[in-house]
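Participant: Dropping a structure here in structure tokens format, bear with me for questions.
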Ligand SMILES: [Zn+2]
């Protein structure tokens, strides 16, 4: 068993502890690091799962990336893609809805694309979610080349 982040060998207990609390096999150091990120940013655990799945797929994601104004759950910087995980899709308020749209507008103006992914998609269809994001990355890459 190895840490999904650094590839370091981890013991059975550490494997159990990290998969139980975070859903990902991580060494002690990386478990602590991720837990700190979650505490500081209120990061949904689905963002952690997606982060490691994208990393495995070779997409070079960044977790809780600071875009100058706020922290974005995940970002793929070379194609300027921001990914936000929607935690409570059903309980979104109208203020939140318009502020999300405004944020999306500002990031578009700065050349960033923001996509919002419901946490349920990650929970139940992680592989499909990763494939779709890889497709979006390819599309953005193609557009960057055209410009
Ligand atoms: Zn590690």
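Participant: Checking residue 84 against (1) in contact with a helix residue (DSSP H, G or I) (Cβ under 7 Å, 6 or more places away or on another chain); (2) outside any helix (DSSP H, G or I); (3) crowded, with 17+ Cβ neighbours inside 10 Å: exactly one of these is not met. Which one?
Facilitator: Status for residue 84: all satisfied but (1).
Participant: Let me ask you something else. State yes or no: is residue 60 more than 16 Å from the ligand (Cβ to nearest atom) and either out of contact with any strand residue (DSSP E or B) (no Cβ under 6 Å at 6 or more places or on another chain) or not in a strand (DSSP E or B) (or both)?
Facilitator: yes
Participant: For residue 54, all conditions in the list (1) within 16 Å of the ligand (Cβ to nearest atom); (2) part of a helix (DSSP H, G or I); (3) within 23 Å of residue 140 (Cα to Cα); (4) touching a strand residue (DSSP E or B) at 6+ places or on another chain (Cβ under 9 Å) hold save one; what is the number of the exception?
Facilitator: (1)
Participant: Another question about this same structure. State all residues of the range 107-117 that are out of contact with any helix residue (DSSP H, G or I) (no Cβ under 9 Å at 6 or more places or on another chain) and either surrounded by 14 or more Cβ atoms within 10 Å (Cβ to Cβ) or over 21 Å from residue 66 (Cα atoms) (or both); if no residue qualifies, say none.
Facilitator: Just the residues of the range 107-117 that are out of contact with any helix residue (DSSP H, G or I) (no Cβ under 9 Å at 6 or more places or on another chain), to begin with: 107-111.
Scanning the range 107-117 gives a single hit, 107.
Participant: If you check 23, 11, which single one turns out to be surrounded by fewer than 16 Cβ atoms within 10 Å (Cβ to Cβ) and in contact (Cβ under 8 Å) with a residue 24 or more places away in the chain? Explain how you work it out, then say what you get.
Facilitator: Details: 11 fails: in contact (Cβ under 8 Å) with a residue 24 or more places away in the chain.
Result of the check over 23, 11: 23.
Participant: What's the number of the condition residue 122 fails, among (1) touching a residue at least 40 places away in the same chain (Cβ under 8 Å); (2) within 18 Å of residue 78 (Cα to Cα)?
Facilitator: All conditions are met except number (2).
Residue-wise test of (1) within 26 Å of residue 131 (Cβ to Cβ); (2) assigned by TED's automatic domain parsing to the domain that holds residue 129; (3) away from the ligand (no atom under 14 Å from the Cβ); (4) assigned to a helix (DSSP H, G or I).
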| residue | (1), (2), (3), (4) |
| --- | --- |
| 13 | no, no, yes, yes |
| 26 | yes, no, no, no |
| 49 | yes, yes, yes, yes |
| 99 | no, yes, yes, yes |
| 111 | yes, yes, yes, no |
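Participant: Determine which single condition residue 68 fails, assuming it passes every other condition in (1) in the same structural domain as residue 106 (by TED's automatic domain parsing); (2) under 20 Å from residue 121 (Cα atoms).
Facilitator: Status for residue 68: all satisfied but (2).
Participant: I've got another one for you. Working only within the range 28-47, note down all residues that are exposed (fewer than 14 other Cβ atoms within 10 Å of the Cβ) and not in a helix (DSSP H, G or I).
Facilitator: Within the range 28-47, just 42 meets the criteria.
The values are calculated or read from the model by the stated rules, or taken from the named source; none is laboratory data. All values reported here derive from a predicted model rather than from experimental measurement. Please note: Cβ atoms are built from the backbone with ideal geometry, for glycine as well, and neighbour counts cover all protein chains shown.
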